[in-house]
Amino acid sequence: MQRTVGFVKAVDDVSFSIARGETFALVGESGSGKTTTGRLLLRLLNPDTGEVLFDGRNIFGMSKKEMLAMRKDMQIIFQDPFSSLNPRMNVRNIVSEGLIVRGGYTAGEIDKWCDYALEMVGLKSEYKYRYPHQFSGGERQRIGIARAIILEPKFIVCDEPVSSLDVSIQAKILRLLADLKERLNLTYLFIGHDLSVVANIADKVAVMHNGRIVETGDVKSVYTNPRDEYTKKLLRSIPIPDPRAKKKA
């Protein structure tokens, strides 16, 4: 006989707002609820209670048809550039899948939009007939970014988009994301666990621990004057790129 002794809440009592054109970072260790929160914002998961307001509208109160129209404005860049791309689809079909699902585009229009998205992320348009296994990890993530921007969204959830990449490639992808934000007037929720990475891209940051937000503020104030003890521990865990330097206990 089994009995319920308690419940574990992946995300509980989380509330924050993201201004248009802002990069809002959500940081914390693995299992803290960051990715769950990001997917809730896009209605890829349904909450037990609560609401998500996008341009003043609660997306959990929308019909299937209304939500399909709304998805044009809300996209996601996944963490793993290997598992997030279908190995049986070529780049053209991967990047333009959103256009195909929405319908109303000719084959020629799809090709033009695909070429545009690939060029925006620094890939050649002739790559669209290749398959994911023919690309490096950084190039695959660029394909994932192209898929996210092809519908010209307003808001993108970046779910640890550089954590699976080499450090040298991370910097290039971060610069690309910053450039696209300015060129396309995008708003980001940037999910990450590496505070040194987040410091280079975010305007504001929220620290998550055990499904709750324990501290929120602009990046400079949180990093220089953290209030919560968990935030202080995260900051102390950032590696110092100097073998002669010693950390304070």
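Within the stretch 99-106, is there a residue that is touching a helix residue (DSSP H, G or I) at 6+ places or on another chain (Cβ under 9 Å) and crowded, with 16+ Cβ neighbours inside 10 Å? Checked the stretch 99-106: at least one residue is touching a helix residue (DSSP H, G or I) at 6+ places or on another chain (Cβ under 9 Å) and crowded, with 16+ Cβ neighbours inside 10 Å. Where in the stretch 1-116 are there helices (runs of 4 or more DSSP H), lying fully within it, with 2 or more residues that are within 25 Å of Gly138 (Cα to Cα)? Of the helices (runs of 4 or more DSSP H) lying wholly inside the stretch 1-116, those with at least 2 residues that are within 25 Å of Gly138 (Cα to Cα) span 34-41, 91-95, 97-102. Does Pro87 meet the test of being without any contact (Cβ under 8 Å) to a residue 60 or more places away in the chain and under 22 Å from Gln134 (Cα atoms)? Criteria met by Pro87. Scoring His133 on the criteria (1) assigned to a helix (DSSP H, G or I); (2) touching a Pro at 6+ places or on another chain (Cβ under 9 Å); (3) of a type outside the set (Asp, Glu); (4) under 27 Å from Ala69 (Cα atoms) leaves a single failure, condition (4). The condition of being closer than 27 Å to Leu180 by Cα and without any contact (Cβ under 8 Å) to a residue 24 or more places away in the chain does not hold for Leu41.
Let's see how each residue does on (1) surrounded by 13 or more Cβ atoms within 10 Å (Cβ to Cβ); (2) hydroxyl-bearing (Ser, Thr, Tyr):
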position	(1), (2)
Ser15	no, yes
Leu26	yes, no
Thr36	yes, yes
Arg43	yes, no
Lys65	no, no
Leu68	no, no
Pro87	no, no
Tyr116	yes, yes
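Can you tell which of Leu151, Leu176, Leu165, Leu180 is assigned to a loop (DSSP other than H, G, I, E, B), closer than 20 Å to Ile201 by Cβ and hydrophobic (A, V, I, L, M, F, W, C)? The conditions single out Leu165.
A short reminder: the numbers here are calculations on the coordinates, not readings from a lab. Treat the numbers as computed from the prediction; the structure is a model and nothing was measured. Positions of Cβ are generated from backbone atoms using ideal geometry, with glycine treated the same way; all protein chains shown enter the neighbour counts.
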